[in-house]
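> Pasting a structure here, questions to come.
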Amino acid sequence: MLELRNVSKQFGTHQVLDQIDFSIESNEIVGLIGESGSGKSTIAELIIGLQQLTEGEVIWEEGCNCQYIYQNPERSFNPYLTMQESLLEPLLLSKTPKKEAMGRIHMLMEQAGLPKELLSRKPQECSGGQKQRAAIIRALACKPRLLIADEITSALDPESESIMIGLLRDFQRDMQLSILYITHRITATEQFADRLLVLEKGRIVEDRLTKDVLYNPKHMYTKQLMEACAYFERRWKLVVKQA
């Protein structure tokens, strides 16, 4: 469905991405992990055309529609519009009849567990979790074949993150779409991603089935990420226990 071939990106003299090669197949969930500054969001921006390639190709299957969900839901919505106006906007711009658009939004909201009363509210009247779910709904309402979720659970506690991932999995199964799930939390990918890409300083150092990467990491960088993750998991459990 999507293939990146020898993709490189420079900002001035700084090499952000170096010879990136990977593909995403239909109905596949691919996790992309790496520490901050490794180039994860740059890959996403190149895929959707927000950045221009320095070198290489991004090849799409014909008719493929992609939608992007940003990390911060606070920046996803116009504070002067109601949530209904924000959710309707991309559908009306694509010439979807308003009645059909509202029906699609209501269906997705019900599946996401959001009350219809939320539609009359402004973004500042909604919780962060509600806005993040609404951002997912707005993207899915456009019926994408590929959804890019960029660190969308980074501000959530582990329990809320698990709920959000479960919601994405349900939507993925029901709508038969592919997802590129970008995160720095390795544990978030274990029960979610089919395949895992590990990015170190702009280069992909692992591209294998998720369970193989997590339980049999080949690259030293992946092993270091796993060790750091184990440390923070122990720390989190200790904090919860003390509370």
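> Restricting the search to the stretch 115-132, which residues are in contact (Cβ under 8 Å) with a residue 24 or more places away in the chain, part of a helix (DSSP H, G or I) and within 14 Å of Ser86 (Cα to Cα)? Spell out how you get there, then give the answer.
Start the filter on the stretch 115-132 by keeping residues that are in contact (Cβ under 8 Å) with a residue 24 or more places away in the chain, which leaves 118-124, 126, 128-129, 131-132.
Filter once more, so that each one left must be part of a helix (DSSP H, G or I): 118-120, 123-124, 128-129, 131-132.
Selection gives Leu118, Leu119, Ser120, Pro123, Gln124, Lys131, Gln132.
> Considering every residue within the stretch 57-79, establish whether at least one is at positive phi and surrounded by 13 or more Cβ atoms within 10 Å (Cβ to Cβ).
Within the stretch 57-79, the first condition is being at positive phi, and the residues that meet it are 63.
Those still in the list that are surrounded by 13 or more Cβ atoms within 10 Å (Cβ to Cβ) too: none.
No: zero hits.
> Within the stretch 1-19, can you find the residues that are open to solvent by 50 Å² or more (accessible area, probe 1.4 Å) and on the phi < 0 side of the Ramachandran plot?
Of the residues in the stretch 1-19, the ones open to solvent by 50 Å² or more (accessible area, probe 1.4 Å) are 3, 5-6, 10-15, 19.
Result: Glu3, Arg5, Gln10, Phe11, Thr13, His14, Gln15.
> List the pairs whose first member sits in the stretch 143-160 and is open to solvent by 40 Å² or more (accessible area, probe 1.4 Å), whose second member is modelled with pLDDT of 80 or more and part of a loop (DSSP other than H, G, I, E, B), and whose Cβ atoms are under 6 Å apart, counting only residues at least 6 apart or on separate chains?
Arg145/Cys64; Arg145/Asn65; Arg145/Leu177
> Still on this structure: Go through (1) loosely packed, with under 15 Cβ neighbours inside 10 Å; (2) out of contact with any strand residue (DSSP E or B) (no Cβ under 6 Å at 6 or more places or on another chain); (3) under 22 Å from Ser178 (Cβ atoms) one by one and return the number of the condition Gln51 breaks.
(1)
> Also, quick follow-up: Given (1) modelled with pLDDT of 95 or more; (2) within 15 Å of the chain's Cα centre (by Cα), where does Gln71 come up short, assuming only one miss?
It is condition (1) that Gln71 fails.
> If we keep just the residues of the stretch 196-220 that are in a strand (DSSP E or B) and in contact (Cβ under 8 Å) with a residue 24 or more places away in the chain, which is most open to solvent (accessible area, probe 1.4 Å)? If you could, list the steps in order and put the result at the bottom.
Step one: of the stretch 196-220, the residues in a strand (DSSP E or B) are 196-200, 203-209.
Imposing the further condition that a residue be in contact (Cβ under 8 Å) with a residue 24 or more places away in the chain reduces the set to 196-200, 203-204, 207.
Numbers: Leu196: 0, Leu197: 0, Val198: 0, Leu199: 0, Glu200: 51, Arg203: 115, Ile204: 47, Asp207: 66 Å².
Looking at the filtered set, the residue picked out is Arg203.
> Can you tell me which condition Pro123 does not meet? The list is (1) within 18 Å of Asn78 (Cα to Cα); (2) open to solvent by 40 Å² or more (accessible area, probe 1.4 Å); (3) of a type outside the set (Asp, Glu), and all the others hold.
Going through (1) within 18 Å of Asn78 (Cα to Cα); (2) open to solvent by 40 Å² or more (accessible area, probe 1.4 Å); (3) of a type outside the set (Asp, Glu) one by one, Pro123 breaks only (2).
The values are calculated or read from the model by the stated rules, or taken from the named source; none is laboratory data. Every value quoted in this text rests on a predicted model; they were computed, and no experiment measured them. Virtual Cβ from ideal backbone geometry, glycine too; neighbours counted across all protein chains shown. Remember, those area values only see protein heavy atoms, side chains included, never the ligands or the DNA or RNA. Shrake-Rupley method; radii C 1.70, N 1.55, O 1.52, S 1.80 Å.
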